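Encoded as structure tokens, the structure appears first; notes follow it.
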Amino acid sequence: MILHTLIDYDVLRVIWWGLLGVLLIGFAMTDGFDMGVGTLLPFVAKTDAERRVAINTVGPVWEGNQVWFILGGGAIFAAWPPLYAVSFSGFYLAMFVVLAAFIVRPVAFKYRSKRDDVRWRTRWDWALFASGAIPALLFGVAVGNVIQGVPFHFTDDLHSIYEGAWYTKFIGLLDPFSLLAGVVSLSMLVMHGGAWLTLKAEGNVRDRARRFGSIAALVAVAAYALAGVWMAVGIDGYRIAGDYVTSGPSNPLHFEVEKTASWLTSYSDRPWIAIAPVMGIVGGLLTFAGLRAGREISTLLVSKMAILGVISSVGLTMFPFIMPSSSDPGSSLTVWNSSSSHLTLFVMLVATVIFMPLILVYTAWVYKVLWGKVTEDDVTDNSHSVY
């Protein structure tokens, strides 16, 4: 017996759809507070010592947190090749900006405190701000575009073509709904960064983080609710028409897809998925309440719950679509027509089952070792060994 046949092809596809969501949520929960702290840096820290406190709350963990981003990109490349091809060609300039921000961030961490010069350090502080705010915004913009459908199609030999001139591949992404989705993403991660600083910092940095984080929580909840209403009344959804095979070969052109009145018809078909947006809204409101009350661990946990709810609501609402085509619905990518082969998904799943627990255990151990608050005395006494 060939081992990979132990798990049906359609089941493996759903498993990898779920694992992709886990990786994206893991990235938002971990590197998300790094980006949130960077975005909050000019607002929560007024002196050099305060800025170093804020920076060093994420200093020991930001590199490890970015592993989730690499794992997510690798999973898309290996498990969903057509999705990788279309997204990296259509969102090329936006991806370049995100990667440039992620390249600037480690340089800013390493060089920021190398010189005792106010202008030098201020420039790197603003670099940390940009490297946090820009990716947080653009990730949401990308999701907003995917929800509306992306203008691509496949030729008969499955060559993907993204329509529009090269400059529209960035400017064209910035439509009103996508910018609203960007606001949801940015404010959600700023809220998460505020919860992290409340847990890890003391004094003025903590107090300001609570204030700005609570404002971001309300903005995130309001923007998310508005985006839901907009999806209900102003954005077409997609559905697979007619009969289709969930375990057939990966070929988008073998599926007939049509637009529907709204994505939210998913909630009438599968009412249980409503738990996701409820978690997003309730988690955001609880984070606001926790920040205002000065609670620490519970506030960070409910902030993570909000992230889980918001991101999973997108995937559950769109299922089985992972990237619909606005210009040629028949080229839309779904869980059933754009995965790697049965054997590839099985081998990757075996590797994931072996290595993912090790990553989680190591990550938990690192956070346990680095547990505790960062104070101005810590930064002053260890000036040459911290950021």
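For R115 and K368, what does the FRET efficiency come to when R0 = 56 Å and r is the distance between their Cβ atoms, rounded to the nearest 0.05? Working shown, then result.
Numbers: r = 34 Å, r/R0 = 0.61.
With R0 = 56 Å, the Cβ-Cβ based efficiency is 0.95.
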Of all C-alpha pairs within the range 202-260, those more than 16 angstrom apart amount in percent to 68
So, with points 7 Å from each Cα along the Cβ direction, the T265-A241 label distance in nm works out to 1.1
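Once you have a ≥ b ≥ c as the square roots of the Cα gyration tensor eigenvalues for the range 229-387, tell me rounded if a/c is under 1.5, and otherwise prolate or oblate according to whether a/b is larger than b/c. Working shown, then result.
Values: a/c = 2.98, a/b = 1.67, b/c = 1.79.
It comes out oblate by the Cα gyration axes.
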Relative contact order, percent, of the range 107-246 when contacts are C-alpha pairs under 8 Å separated by at least 6 residues?
-> 21
Acute angle (nearest 10 degrees) that the helix 118-148 long axis makes with the longest principal axis of the chain, alpha-carbon atoms | 20
Point-to-point label distance, S341-V282, nm (Cα→Cβ direction, 7 Å offset) = 4.5
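For an R0 of 41 angstrom, estimate the FRET efficiency from the Cβ-Cβ distance between A222 and I2 and round to the nearest 0.05.
Numbers: r = 53 Å, r/R0 = 1.28.
Using R0 = 41 Å, I get an efficiency of 0.20.
Explain nothing, just the number: relative contact order of the chain, from Cα pairs under 8 Å at least 6 residues apart, as a whole percent.
Values: 609 pairs, mean separation 95.1, N = 387.
Normalised by residue count, the contact order of the chain is 25 percent.
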Burial order of peptide ranges 253-263, 37-47 (average beta-carbon count within 10 Å, highest first) = 37-47, 253-263
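Just the number please: accessible area per residue for the range 29-119, 1.4 Å probe, all protein chains included, in Å².
On the way: 3690 Å² over 91 residues.
Heavy-atom SASA per residue in the range 29-119 reads 41 Å².
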Around W196, with a cut-off of 14 angstrom between Cβ atoms, what is the net charge of the other residues, counting Lys and Arg +1 and Asp and Glu -1?
-> +3
Packing-wise, with mean Cβ within 10 Å as the measure, how do 70-80, 92-102 rank, highest first?
-> 70-80, 92-102
Seen from all sides and averaged, what is the projected area of the convex hull of the Cα atoms in the chain, in nm²?
-> 19.7
Degrees, to the nearest 10: 67-79 long Cα axis against longest axis of the chain | 10
Report, to the nearest 10°, how far helix 275-293 tilts away from the longest principal axis of the Cα atoms in the chain, using its own Cα long axis and a range of 0 to 90°.
-> 10
FRET efficiency (I171, W126; Cβ distance; R0 25 Å; to 0.05) is 0.55
Anisotropy class of the range 63-117 from Cα gyration tensor, a/c 1.5 cut = oblate
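The values are calculated or read from the model by the stated rules, or taken from the named source; none is laboratory data. Keep in mind that this is a model prediction, so the values were computed, not measured. Backbone-built Cβ (ideal geometry, glycine too); neighbour counts: all protein chains shown. When the accessible area is computed, the model is the full protein with side chains, heavy atoms only, and any ligands, DNA or RNA have been set aside. Shrake-Rupley method; radii C 1.70, N 1.55, O 1.52, S 1.80 Å.
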